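Inspection log for the structure reproduced underneath, given as structure tokens.
The values are calculated or read from the model by the stated rules, or taken from the named source; none is laboratory data. Given the structure is predicted, the values throughout are model-derived calculations rather than measurements. Heads up, the Cβs are rebuilt from the backbone with ideal geometry, glycines too, and the neighbour counts pull from every protein chain shown.
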Amino acid sequence: MLQQYAAIAEMEYNLIRERTQGGLQKKAEAGGWPGGAPPYGYRIEGRASAVPHWSSTSTRPPSSRPLGRWL
């Protein structure tokens with residue numbers, strides 16, 4: 001009986017995994033952000049990929065600016 005439960009649980013796990021991966025793949029192919037929070041220093045613009053938010057004002061990310069300006 002326990003082996004049957006384990007087999008059904010494994011099938012459900014694989015089904016959920018296939019659906020999740022398929023959805024993420026479909027969204028990425030359509031040009032959308034596949035999910036999760038963007039990396040630090042980036043933002044999502046529309047349905048495109050992550051774009052550095054500092055690109056319009058500076059050529060360097062905020063973390064590489066001189067520390068003296070923060071103090």
Check your understanding: Does G32 satisfy the condition of being loosely packed, with under 10 Cβ neighbours inside 10 Å and either part of a loop (DSSP other than H, G, I, E, B) or modelled with pLDDT of 90 or more (or both)?
Key -> no
Review point. Can you pull out the residues in the range 13-29 that are surrounded by 10 or more Cβ atoms within 10 Å (Cβ to Cβ) and of a type in the set (D, E, K, R)?
Key: R17, E18, R19, K26, K27
